[in-house]
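Report on the structure given below.
The values are calculated or read from the model by the stated rules, or taken from the named source; none is laboratory data. Since this is a predicted model, take the numbers as computed values, not measurements. Ideal geometry is used to build each Cβ from the backbone, glycine not excepted, and the neighbour counts take in all protein chains shown. Protein only, heavy atoms only, side chains kept; ligands, DNA and RNA dropped before computing areas. Shrake-Rupley method; radii C 1.70, N 1.55, O 1.52, S 1.80 Å.
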Amino acid sequence: GVKIEMAEGGANTLLSQILLSRRGDVYIPGDADYIDMAAEKGLVESRKTVCYFVPVILVEKGNPKNIATLADLTRPGIRIAQGDERATAVGRLMPRILDLNGVDQAAWQKNVSATLPTVTELGLKVELRTVDAAIVWNSTAIRYLASADIIPIPRERNICPEVAAAVLKCTENPQGAAAFVDFLASERGRQVLIEAGYTVDKP
């Protein structure tokens with residue numbers, strides 16, 4: 001009997017909106033670090049871990065450019081879509097992931113043809129073939145399997161952020177917000193997330 005209204009956007013963009021408006025019940029950014037930031041600003045009542053995001057390389061179906069690693073994306077002529085590090089968690093992580101994989105950041109930036117505020121928009125760029133590859137979450141990538149392929153990043157050279165759900169102090173429905181977060185972290189909630197392609201156990 002509770003209507004859920006979702007506001008989608010980059011983690012930092014949503015945090016800025018919450019700060020300005022002091023509105024919202026539950027905040028679920030793509031990296032729990034943003035909940036730490038929200039807590040420092042006095043916005044968080046409680047929090048629970050719900051899943052983990054695993055960055056992957058999304059490429060055109062059939063992988064016509066023969067991309068196997070992040071380093072392959074620095075080849076001349078490859079077009080990359082990247083998350084905006086000022087707006088979204090996956091963008092903020094990219095410099096560290098590139099370092100872990102020994103990728104030349106200058107060569108990488110030369111091939112970045114689009115910088116976008118959400119992972120959904122990154123996936124759409126690959127689907128529309130306006131770029132050759134994008135770094136997205138694994139749970140986002142599976143939405144595009146009809147038009148794209150997934151190339152994994154080695155676990156030992158990847159960063160898989162914890163995703164937590166926070167009840168906000170500005171909520172107008174504290175009981176409903178807490179119940180929703182409890183559901184997400186419950187066994188039934190975990191099963192729903194697994195069925196939707198999310199990684200619920202720490203990689």
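Hey, among 18, 4, 67, 97, which residue is within 17 Å of the chain's Cα centre (by Cα) and of a type in the set (Val, Ile, Thr)?
97
Among residues belonging to the range 150-184 that are of a type in the set (Gly, Ala, Ser) and under 19 Å from the mean Cα position of the chain (by Cα), point out the one that is surrounded by the most Cβ atoms within 10 Å (Cβ to Cβ).
166
Only one of (1) touching a Phe, Trp or Tyr at 6+ places or on another chain (Cβ under 8 Å); (2) more than 19 Å from residue 173 (Cα to Cα) is not met by residue 36, so which one is it?
(1)
Among the residues of the range 28-52, which ones are closer than 21 Å to residue 197 by Cα, among the charged types (D, E, K, R) and open to solvent by 50 Å² or more (accessible area, probe 1.4 Å)?
Passing the criteria: only 48.
In this structure, does residue 126 turn out to be at pLDDT 95 or above, within 25 Å of residue 199 (Cβ to Cβ), among the aliphatic types (A, V, I, L, M) and in contact with an Asp or Glu (Cβ under 7 Å, 6 or more places away or on another chain)?
For residue 126, the condition - at pLDDT 95 or above, within 25 Å of residue 199 (Cβ to Cβ), among the aliphatic types (A, V, I, L, M) and in contact with an Asp or Glu (Cβ under 7 Å, 6 or more places away or on another chain) - is met.
In the list 107, 81, which residue meets the criterion of being open to solvent by less than 40 Å² (accessible area, probe 1.4 Å) and either at pLDDT below 95 or in contact with a Lys or Arg (Cβ under 8 Å, 6 or more places away or on another chain) (or both)?
81
Could you identify the single residue in 46, 21, 16 that is touching a residue at least 40 places away in the same chain (Cβ under 8 Å) and farther than 22 Å from residue 100 by Cβ? Break it down into steps so the answer makes sense when it comes.
Numbers: 21 fails: touching a residue at least 40 places away in the same chain (Cβ under 8 Å); 16 fails: touching a residue at least 40 places away in the same chain (Cβ under 8 Å).
Of 46, 21, 16, the one residue that is touching a residue at least 40 places away in the same chain (Cβ under 8 Å) and farther than 22 Å from residue 100 by Cβ is 46.
Across the range 89-104, what is the number of residues that are open to solvent by 10 Å² or more (accessible area, probe 1.4 Å) and either touching a residue at least 40 places away in the same chain (Cβ under 8 Å) or aromatic (Phe, Trp, Tyr) (or both)?
Looking only at that region, the number is 4.
Would it be correct to say that residue 25 is surrounded by 15 or more Cβ atoms within 10 Å (Cβ to Cβ), in contact with a helix residue (DSSP H, G or I) (Cβ under 9 Å, 6 or more places away or on another chain) and not basic (Lys, Arg)?
Answer is yes for this residue.
Report, by residue number, each residue of the range 165-203 that is of a type in the set (A, V, I, L, M) and touching a Phe, Trp or Tyr at 6+ places or on another chain (Cβ under 9 Å).
Within the range 165-203, 165, 166, 167, 168, 192, 200 qualify.
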